[in-house]
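The values are calculated or read from the model by the stated rules, or taken from the named source; none is laboratory data. Worth saying up front: this structure is predicted, and the values here are computed from it rather than measured. A quick note on method: Cβ atoms are made from the backbone with ideal geometry, for glycine too, and the neighbour counts reach across all protein chains shown.
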Amino acid sequence: MKKSAIILCALFLLFASCRKEPTPGTDPDNGASFSRVTDTPRAWDGNKRADITYQLLVYSFADKDGDGWGDFQGLTDKLEYIDQLGATAIWLSPVHPAMSYHGYDVKDYSKLNPVYGTMEGFQDFVKTAHQKDIKVYLDYVINHTGREHWWFSQAIRSSDNPYRSYYIFSDDPRSDIRDGKIPMIKTEGESGYDSGQWFTVSTTGDKTLLFKLDWSNPAQPKLTVAETVTADQGDDAPAAENAKYLYFGDGVLRQFYDKGGGQYELVTDYASSWGFLIRTSATQWNNKTKYGTQSKTAATITYGKPFVLYTNDNPDIVYDLQLPGSTMFHSHFWTNWFADLNYGAVETAEQSPAFKAIVDDAKIWIDAGVDGFRLDAVKHIYHNEFSDENPEFLKKFYKAVNDYYRQSRDNDIYMVGEVFSGYEQVAPYYKGLPALFEFSFWHRLQWALEQNTGCYLTKDILSYQNLYKQYRPDYIRATKLSNHDENRARSDLGGSLAKTKLAGAILLTAPGSPYVYYGEEMGYIGTKTRGDLYVRSPMYWGDSYTTSYTDEVDAALAPAVGTVLTQKADTASVLNVYRKFSRARNTYPALASGTMTEHPLYNDKAFSAYSQLAAWYLSGSGEKMLVLHNLGKDQVTFNLDDALDHAAVTLGNVYMQKEKEEYKVKMDAYSSIVFVLK
C-alpha cells in the first residue's frame, strides 16, 4: 500500500465517528491529502451547564393577545424556543409601569405594566420557565425612578413630606454641592456640579388655577396664570379648529376654552411632577406644536404676569414651564424624565427610606419566584463613579436582598450589574456584586474580527480575569456581544454573515457566563444612528406572535434575517450555529466552566506567522479541550501535536492530515473547531 493511502486510512479511522457522509470532504487545494473534519459531540446528558442567559425585551418579543405588544403569555408560549437555544436563564427588560415604552422610568416597582399581563400570567411564566430549568432575572432600576413615580409626586408636595428624602432636591445645587450638603455628590466637591443634571419642579402641590392665553399675535403668544379664579369655563371646552391645550402632570391634556379674538381660558385643578407645556396639537410634537421656554434656568413664570411662549421646529429644545414655589431635582442622565434616588451617605445608606423601599419592592418579586436581578446603571448611583461608594452601596443592597431570598431558597440570589465602562473601571465593582457585564470582551472581539487578528484574545481574557480576582475570587464575567443600548453586533461587523457566526461561536467557547441578546442568534442588524428603536426591533417568528409595537424598523432587517421558521430550516443559518455551539457548551463541563490557558505556540507571541488564529485550552471536570478560531479572511495552515480525541463542535471547513506524531490542520476563513483531548 502506498504511503499516501496509509495516511488516508489512518485519518479515516481517527475521524470515522466525525463523518456525516459516506466519504469525507477534501480540501479542494490539496486533493485527497487532507480530510474534512466534522463534529461528533458525545450525547448530551440533559444537564444545563452552559450558563447562557437570553436577554429579551418584553414589549418586542412575543405578542399573544394581538395588541401589537409583547406579553407574558407570549413569553410563556415561546419558552420552548429559548430552551432549544440551551439558555439557563432569561433577563427580562423592566416589567413595571413606566413613563416610556422601554420601562427605565419606573412609576411603581411593586406592580406590573398591565400591557404585559397580570401577576397571575407573570407567575405562570416563571413557573413554566423553571420547569424547563430556566431561571428568570428582572431588570431593576435602582439609580433613579421615573418623574411620575408616586414617590416623586408625594415628595414635591412639601418640604416636610415623608417622601422628600427619597430624592435629591436643592434650591441652590452649586452651593449645596460645594458645601458638601448633598451626600450622593459629596466626594466630588464642586467638580460634581453639572447644571445639565438639575431640573426645576413645582412644589406647590394641588391648586385650582386660571390659565389665560393671548394668541392674537401668533409670533409671540403670551400666557398668564392666576391663582385667583374669576372665570368658570371648567375643564371641558368645545372642539375648535385652532384648539390649544394645557399639558401637565402624568400626561394630562386639557383643552382651552376659545373666547374669540385669539383669547383662550382654562380653569383646572393643577398638580404636576414636572411642570407644564402649551400645545397646539393633541397628537403631534413637531412643527412648532409645543410651546414653553427656551431655557431650563428661566422656566418659572410669575403669577399674574404675561409670559411670552417659545417654540421651535425642534421640540427637544423647548423646555417645560414651572409655577412659582419650585425647587430643583437631580437626574444623572440629563433628562427630567428620570429623578435620582437619594440614599444619603453610603456609610448609612441601608438606613435611608429610599433603600428600605427599593429592597421591600424587590421582595415582592422574590416572592413571585424570580431568581435574580440585573441592576441598571450602577456606576451612577453615587455621582463619583471612581470612588468606593457605589461598590459599597451595592454590597449592602446585595446583602439586604439576598438575606430575604435565602429565607426561602438554599442558594444565593443572582445579581449582575451594568457598569458601562472598560474592564479596568469595571473591576472594583466586584467588591459589591458577584457578577458584572464585561463590555471589553465585545469591544476587543469586534476589533479582532475587523483586523482579522485573533492571537491576542487569550491574553486579553486572561488579563481581565487576573484583574477581577484581585477584587473577588469568585467573580462572574457576564460576557456579551451587543445589547439593547448598542448597535447590533452584525451591523458593527459591517453586515458580514461569516463574522457574525464566528462572533457567536467565540462567545460560546470562551470563559464567562454568556448573554445572548434576542435576535442576535438570527444575525439581526440595526444601529442607533436613527434611534434606540432600531436596535430593539420585533422578533420575527414567522407566525402571529410577531409584535408591531413600533414601525421604526430598518427596512433591510426582514430580508437579511428572514424568520425563526426559515432559519430553523436552514442548517447553515446563524440560528443553527448558536444552537449547535450552545448544545456543545451544555454537553462539555470544560467548555462551560473550564479554566483557560494559552496555547504554547499559537498565542500573542506568534503574531507574525499566525496572527489570525485564536487558540486556547479549557480544562475542568477531568477533561481538557482545545479551542481554535480562524479570524482571518484567508485559510490558515498550522501543525498540532496535541493528543486529539474527537471534534466536539465545528463552524465552517476544517481539514486535517496526520504526519508522524503531528497533525497538519487547515482552517478556512472564519471557521472554528473545538477538540476534546485524550
Do we find a residue being surrounded by fewer than 16 Cβ atoms within 10 Å (Cβ to Cβ) and under 16 Å from M667 (Cα atoms) anywhere in segment 622-632? no
Can you find a residue in segment 118-133 that is assigned to a loop (DSSP other than H, G, I, E, B), under 21 Å from the mean Cα position of the chain (by Cα) and either crowded, with 19+ Cβ neighbours inside 10 Å or modelled with pLDDT under 95 (or both)? no
Among what's in segment 350-375 and is more than 23 Å from A155 (Cα to Cα) and among the acidic types (D, E), pick the residue that is surrounded by the fewest Cβ atoms within 10 Å (Cβ to Cβ). D367
Which residue is nearest to L445 (Cα to Cα), if the candidates are limited to segment 605-621 and must be surrounded by 14 or more Cβ atoms within 10 Å (Cβ to Cβ) and not aliphatic (A, V, I, L, M)? Q612
Answer yes or no as to whether A155 is of a type outside the set (S, T, N, Q) and surrounded by 13 or more Cβ atoms within 10 Å (Cβ to Cβ). yes
Restricting to segment 441-475, name every residue that is within 23 Å of the chain's Cα centre (by Cα), farther than 22 Å from L497 by Cα and polar (S, T, N, Q). Q465
Test S582 against the criterion of being out of contact with any helix residue (DSSP H, G or I) (no Cβ under 7 Å at 6 or more places or on another chain), surrounded by 21 or more Cβ atoms within 10 Å (Cβ to Cβ) and not in a strand (DSSP E or B), and give yes or no. yes
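Can you pull out the residues in segment 544-556 that are farther than 19 Å from V574 by Cβ and in contact with a helix residue (DSSP H, G or I) (Cβ under 8 Å, 6 or more places away or on another chain)? Full working, then the answer.
Narrowing segment 544-556 to residues farther than 19 Å from V574 by Cβ: 544-545, 547-552, 555.
If the condition is that a residue be farther than 19 Å from V574 by Cβ and in contact with a helix residue (DSSP H, G or I) (Cβ under 8 Å, 6 or more places away or on another chain), then Y545, T547, Y549, T550, E552 are the ones that fit.
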Just to be sure, is T145 farther than 30 Å from N384 by Cβ and of a type outside the set (D, E, K, R)? no
Residue count for segment 597-617, restricted to those that are at pLDDT 95 or above and of a type in the set (D, E): 1
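A quick yes/no check of all residues on (1) assigned by TED's automatic domain parsing to the domain that holds F393; (2) among the aliphatic types (A, V, I, L, M); (3) touching a strand residue (DSSP E or B) at 6+ places or on another chain (Cβ under 7 Å):
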position	(1), (2), (3)
Y303	no, no, yes
P306	no, no, yes
L309	no, yes, yes
N312	no, no, no
I317	no, yes, no
S331	no, no, yes
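For every residue, the table says whether it meets (1) hydrophobic (A, V, I, L, M, F, W, C); (2) buried (at least 20 other Cβ atoms within 10 Å of the Cβ).
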site	(1), (2)
Y545	no, yes
Q567	no, yes
V577	yes, yes
S593	no, no
Matching residues, segment 399-431, being under 21 Å from K379 (Cα atoms), over 20 Å from the mean Cα position of the chain (by Cα) and of a type outside the set (V, I, T): K399, A400, N402, E424, P428, K431
If Y193 satisfies every condition in (1) closer than 30 Å to N390 by Cα; (2) in contact with a Leu (Cβ under 7 Å, 6 or more places away or on another chain) but one, which is the exception? (2)
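Condition check ((1) in a loop (DSSP other than H, G, I, E, B); (2) not assigned by TED's automatic domain parsing to the domain that holds K480) across all residues:
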| site | (1), (2) |
| --- | --- |
| S548 | yes, no |
| A558 | no, no |
| L575 | no, no |
| Y578 | no, no |
| S608 | no, yes |
| W616 | no, yes |
Residue check for D65: surrounded by fewer than 20 Cβ atoms within 10 Å (Cβ to Cβ), under 28 Å from G594 (Cα atoms), in the same structural domain as A478 (by TED's automatic domain parsing) and modelled with pLDDT of 95 or more: no
